[in-house]
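Before any comments, here is the structure.
The values are calculated or read from the model by the stated rules, or taken from the named source; none is laboratory data. Quick caveat, the model's predicted, so the values are computed rather than measured. Positions of Cβ are generated from backbone atoms using ideal geometry, with glycine treated the same way; all protein chains shown enter the neighbour counts. Surface accessibility is based on the protein's heavy atoms, side chains included, excluding ligands, DNA and RNA. Shrake-Rupley method; radii C 1.70, N 1.55, O 1.52, S 1.80 Å.
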Amino acid sequence: MAMWNETDSADTVQQAAEHVSRLPDLLEEQLPSLMQFGMKVIFALVVFFIGRFLIQWVRRIVRGSLERSRADRGVAQFVDSLLKFVLYILLLFSIATNFGLDTATVAAAVASCGVALGLALQGSLANFAGGVLILVLKPFEVGDYIVEDTNKNEGTVKEIQIFYTKLSTVDNKTIVIPNGILTNNSLTNFTANEERQLDLKVDIAYGADLQKAKGLLEEMLLAEESVLQDQEIRIFVDHLGESSVVLGARAWVKNEEYWPARWRLLEKIKLCFDENGIEIPYRQVVVHQGE
């Protein structure tokens, strides 16, 4: 058994030595192919970096042209995003052909991959179609303040890209919404018009002076500089709640003044009602204990 192990080990060592001795010959035989492949890789990298520079240059030219033509910002962003996507696909296609792949073969492979990706990425295609519809129908534009009614996402439209629309919230968060959702569901555009209605609700106690409270609200709206005085100002009883009388106040302000005016008025209402003895009730439970 020991003799067999020694013989087997000797054969293994001899075979390994033969393989090692053949390595220089193999390297010499494959060296031209390796050098050729290495040159192709280097050339592909050079083409990629030059192509990326040219893509950025073309995008700058197109963006400048759209700015000079005063195109809508949403259209400019969409075109730039689509142009970037298409040019990079063409760049990768040209690099693939550099490695000796037949153009027809690459085109057939791309077409097959396109069909497969189309089936797998139906949602993305719907988002792309949604982006086109947004640009054509213009339910909103860059700079508009919108609310997506289904999920209640809201904010100022910052970008309209080929698949997604980006919103910026009041507290500077970014919300990314697929274009398909925005075109297939209802949304509210608060800045489609230059003016926006300011609608306030204020609770007062049942024992408070109703007419005095309404008069104070009207005075504050008339004194507020952001309120458009040439538009109708209305003060009314909205409804009778369980523990309070709910007053409504409606006026019109410029879109850009909506939130500052709302915040100022709510603060003024609280301070003014406190000074004039108008109670703003809060929910409470009164327990009567029997004798």
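Observations
- Yes/no for GLU154 being open to solvent by 40 Å² or more (accessible area, probe 1.4 Å) and in contact (Cβ under 8 Å) with a residue 60 or more places away in the chain: no
- In region 265-275, residue nearest to ARG196 (Cα to Cα) [restricted to those that are open to solvent by 30 Å² or more (accessible area, probe 1.4 Å) and within 39 Å of the chain's Cα centre (by Cα)]: LEU266
- Among the residues making up region 136-151, those that are of a type in the set (Val, Ile, Thr) and either open to solvent by less than 50 Å² (accessible area, probe 1.4 Å) or over 22 Å from VAL79 (Cα atoms) (or both) are VAL142, ILE146, VAL147, THR150.
- Meets criteria (open to solvent by 80 Å² or more (accessible area, probe 1.4 Å) and closer than 14 Å to ASP199 by Cβ) for ARG262: no
- Within this structure, PRO281 passes the test of being farther than 30 Å from ASN151 by Cα and either of a type in the set (Val, Ile, Thr) or outside any strand (DSSP E or B) (or both).
- Test for GLU232: is it acidic (Asp, Glu), under 30 Å from PRO139 (Cα atoms) and in contact with a strand residue (DSSP E or B) (Cβ under 8 Å, 6 or more places away or on another chain): yes
Yes/no per residue for (1) aromatic (Phe, Trp, Tyr); (2) closer than 30 Å to SER243 by Cβ; (3) in a strand (DSSP E or B); (4) modelled with pLDDT of 90 or more:
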| residue | (1), (2), (3), (4) |
| --- | --- |
| GLY180 | no, no, no, no |
| THR191 | no, no, no, no |
| ARG196 | no, no, yes, no |
| ASP199 | no, yes, yes, yes |
| VAL202 | no, yes, yes, yes |
| ALA208 | no, yes, no, yes |
| LYS214 | no, yes, no, yes |
| LEU217 | no, yes, no, yes |
| LEU221 | no, yes, no, yes |
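- Search result, residues across region 224-241 that are closer than 18 Å to ARG196 by Cα and open to solvent by 70 Å² or more (accessible area, probe 1.4 Å): GLU225, GLN229, ASP230, GLU232, ARG234
- Residue under evaluation SER244, criteria (1) buried (at least 19 other Cβ atoms within 10 Å of the Cβ); (2) in contact (Cβ under 8 Å) with a residue 60 or more places away in the chain, criterion not met: (2)
- Test result for LYS212, open to solvent by 30 Å² or more (accessible area, probe 1.4 Å), out of contact with any strand residue (DSSP E or B) (no Cβ under 7 Å at 6 or more places or on another chain), basic (Lys, Arg) and over 30 Å from VAL157 (Cβ atoms): yes
- Failed condition for GLU195, given (1) over 27 Å from ILE160 (Cβ atoms); (2) within 35 Å of the chain's Cα centre (by Cα): (1)
- Of all the criteria given as (1) open to solvent by less than 70 Å² (accessible area, probe 1.4 Å); (2) touching a residue at least 24 places away in the same chain (Cβ under 8 Å), the one not satisfied by ILE175 is (2).
- None of GLU148, GLU154, GLU141 is touching a helix residue (DSSP H, G or I) at 6+ places or on another chain (Cβ under 6 Å) and closer than 24 Å to ASN255 by Cβ except GLU141.
- For beta carbons closer than 9 Å, sequence separation of 6+ or different chains, a first residue in region 76-93 that is among the hydroxyl-bearing types (Ser, Thr, Tyr) and a second that is buried (at least 17 other Cβ atoms within 10 Å of the Cβ), the qualifying pairs are SER81/GLY131; SER81/GLU159; SER81/ILE160; SER81/GLN161; SER81/ILE162; SER81/PHE163; TYR88/GLY51; TYR88/ILE55.
- All told, LEU217 falls short of being open to solvent by 60 Å² or more (accessible area, probe 1.4 Å), of a type in the set (A, V, I, L, M) and over 20 Å from PHE190 (Cα atoms).
- Members of region 157-172 that are within 21 Å of ASN255 (Cβ to Cβ) and buried (at least 20 other Cβ atoms within 10 Å of the Cβ): VAL157, ILE160, THR165, LEU167
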